[in-house]
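The values are calculated or read from the model by the stated rules, or taken from the named source; none is laboratory data. Remember, predicted model here, so these are calculated numbers, not experimental data. Using ideal geometry, Cβ is built from the backbone for each residue, glycine included, and neighbour counts are taken over all protein chains shown.
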Amino acid sequence: MIAIIIVLCSFIIINYYKTKRSLHMLQQNLYNENNRYLKWVMKNNKQFIDLDLMIIIIELLMFVFAYNSTFISNVSTIIVAIINVLIASKWRKNIINDQNKKKLVITARIKRLICTILLLFIIPIIFLVLNVYDLRIVWLLFLVLSLMTYLNCFVVFIAKVINTPIEKCVYLHFKTMAQNKLKSMPTLKVIGITGSYGKTSSKRILADILNIKYNALPTPRNLNTYNGLIMTVNNHMDKFTEIFIAEMGAYVKGEIAGLCRLVKPKYGILTTIGTAHMESFGSQENIQKGKFELIESLPSDGFGVLNGDDPLQVSYKLKNKVRIIWIGVDNKDVDVHASNIKCSNKGTSFDVTFKGDKKKYRFETKLLGQHNVYNILAAIACGKEFGIDIDDLIQAVAGVRPVEHRLELKKLGDFYMIDDAYNSNPVGAKRAVEVLNMMPGLKVVVTPGMIELGEKEDEYNKAFGEQIAEVADYAILIGEKKTLPIKEGLLNKKFDKDKIIVFNDVREAYPFIGELALNKEVYALFENDLPDTYNEK
């Protein structure tokens with residue numbers, strides 16, 4: 001009896017750690033939206049080769065052949081308990097050593113999932129307690145518990161499926177609350193922002209600029225999904241909010257149209273159309289159509305801001321008659337044009353002209369890189385439409401704060417870090433390398449590469465390696481297997497192989513860069529910080 005209790009306790013400890021990990025990955029993979037969680041499970045099948053198999057084999061043999069031998073049963077129980085302790089110790093060590101960039105958030109949804117998971121495990125335990133003196137049933141139920149432990153990630157998924165009707169009811173409740181609040185604010189201006197990349201930067205820049213005259217509420221952090229917008233409206237919007245800036249993310253066609261039906265934007269900004277999430281969208285054409293769902297959802301008395309330097313925006317045939325304001329740098333035939341752009345490690349300055357106004361207005365910002373000029377132009381276009389004076393816009397642009405983890409320049413110990421950690425993509429990565437090239441001193445790139453780019457992922461990463469080779473003095477690659485295409489691109493450009501450093505953990509890069517900085521000024525670009533679902537160890 002005592003041995004059985006010990007084995008049960010060991011199962012509980014193992015499943016505590018495994019469930020915590022599985023719930024973390026389920027949450028990071030948006031609760032299996034577009035099968036993201038199941039894809040993660042399939043890609044990480046190394047977790048299935050473990051000591052758990054040994055326990056399953058022992059329990060299966062006991063159930064079939066030796067369940068009626070008390071001595072063999074007691075010895076086997078002790079062996080199972082010892083192996084379980086080893087497994088629990090290993091999982092505990094992994095959890096402690098993991099420094100996750102984004103922790104598991106214990107939300108109400110996670111709490112509901114935990115209750116369902118507990119129920120799934122309690123059922124066999126109850127049967128075991130009721131039949132504790134029938135050794136064959138005991139070993140059968142041990143086998144069931146071992147299989148559930150072995151396949152813990154699927155048990156968590158089953159709990160998610162069981163909870164689906166409950167979550168739909170919860171979602172509908174909060175969705176109705178959000179819609180009612182929006183209806184009660186008829187003067188609220190709603191601006192939607194989408195694009196393959198640059199959405200969060202554009203949103204933050206727009207909010208900083210509009211806040212010089214209005215009370216603008218941007219969606220916090222990366223809350224750009226249905227639930228994110230609903231949470232923002234219910235938890236952050238109040239009667240003083242004059243402008244709601246809704247960042248809109250999508251993985252498939254139709255999602256942005258759904259977000260527009262939810263918050264009903266009158267104004268829209270499309271940043272740049274690229275290849276981000278090519279794997280889930282399926283094609284470049286689907287990405288283009290998916291992003292334009294925002295502009296085509298706008299009413300005729302609103303306006304959309306489009307980038308005149310983006311071929312995929314210029315060539316698109318709009319299906320509605322909303323007024324379009326074009327911005328651009330290379331294309332001079334636009335409504336808001338930037339020229340004479342000067343970039344340095346201190347920031348960026350540029351001239352702005354408006355169609356019908358021959359005067360040039362000089363703007364300065366602390367933000368780095370020409371791509372941020374596009375975000376600022378879009379915000380200037382909106383600000384001008386909303387009646388903000390040019391002088392106030394100049395003042396607002398000068399006060400725009402750098403966006404965290406998006407080409408954010410900061411001193412880190414003995415070196416300067418250019419933090420561009422969030423979701424790299426081919427165009428963004430190229431621009432980040434261009435920003436690094438403007439810096440003085442020794443130049444270092446630290447990257448695990450780019451992800452979710454479909455069948456062309458290796459091709460894009462190889463090109464990224466070639467771009468790094470043109471600028472960097474050192475290339476630090478995080479994850480040996482994942483970064484092989486980048487290494488190939490570096491070597492194609494005759495980059496010194498002795499200056500290609502490979503680590504499996506980004507934390508190892510910091511002391512190495514610190515050593516380089518002892519004798520020289522070092523600028524290190526940290527390009528893309530993969531989510532924990534892509535950890536390579």
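May I ask you to verify whether MET185 is surrounded by fewer than 17 Cβ atoms within 10 Å (Cβ to Cβ) and not in a helix (DSSP H, G or I)? When the stated conditions are applied, MET185 passes them. Return the residues of the range 9-23 that are closer than 23 Å to GLU167 by Cβ and either out of contact with any Ser or Thr (no Cβ under 9 Å at 6 or more places or on another chain) or of a type in the set (D, E, K, R) (or both); say none if nothing qualifies. Within the range 9-23, LYS18, THR19, LYS20, ARG21, SER22, LEU23 qualify. Does the range 271-278 contain any residue that is of a type in the set (Gly, Ala, Ser), under 24 Å from the mean Cα position of the chain (by Cα) and surrounded by 18 or more Cβ atoms within 10 Å (Cβ to Cβ)? Taking every residue of the range 271-278 in turn, at least one turns out to be of a type in the set (Gly, Ala, Ser), under 24 Å from the mean Cα position of the chain (by Cα) and surrounded by 18 or more Cβ atoms within 10 Å (Cβ to Cβ).
Cβ-Cβ distances below 9 Å connect the following pairs, each with a first residue in the range 350-379 that is closer than 14 Å to ASP330 by Cα, a second residue that is part of a loop (DSSP other than H, G, I, E, B) and of a type in the set (Lys, Arg), and a separation of six or more residues or different chains: THR353/LYS332. You will find that of GLY465, GLY479, the residue that is closer than 13 Å to ILE500 by Cα, buried (at least 24 other Cβ atoms within 10 Å of the Cβ), out of contact with any Phe, Trp or Tyr (no Cβ under 6 Å at 6 or more places or on another chain) and not acidic (Asp, Glu) is GLY465 and no other. Screening GLY387 against (1) touching a strand residue (DSSP E or B) at 6+ places or on another chain (Cβ under 7 Å); (2) touching a residue at least 40 places away in the same chain (Cβ under 8 Å) leaves a single unmet condition, (1). Taking ILE230, is it among the β-branched types (Val, Ile, Thr), touching a Gly at 6+ places or on another chain (Cβ under 8 Å) and either crowded, with 24+ Cβ neighbours inside 10 Å or farther than 14 Å from ILE191 by Cα (or both)? Taking the combined requirement at face value, the residue does not satisfy it. Taking the listed residues LYS203, LYS160, LYS189, LYS199, the one that is charged (D, E, K, R) and free of Cβ contacts under 8 Å to residues at least 60 places away in the same chain is LYS203, with no other qualifying. Among the conditions (1) surrounded by 15 or more Cβ atoms within 10 Å (Cβ to Cβ); (2) in contact with a Lys or Arg (Cβ under 8 Å, 6 or more places away or on another chain), ASN425 misses just one, which is (2). Do the conditions hold for VAL506, that is, is it modelled with pLDDT of 90 or more and either among the β-branched types (Val, Ile, Thr) or more than 30 Å from LEU104 (Cβ to Cβ) (or both)? Here the answer is no, as VAL506 does not meet what is asked. All conditions in (1) part of a loop (DSSP other than H, G, I, E, B); (2) free of Cβ contacts under 8 Å to residues at least 24 places away in the same chain hold for PRO299, with the sole exception of (2).
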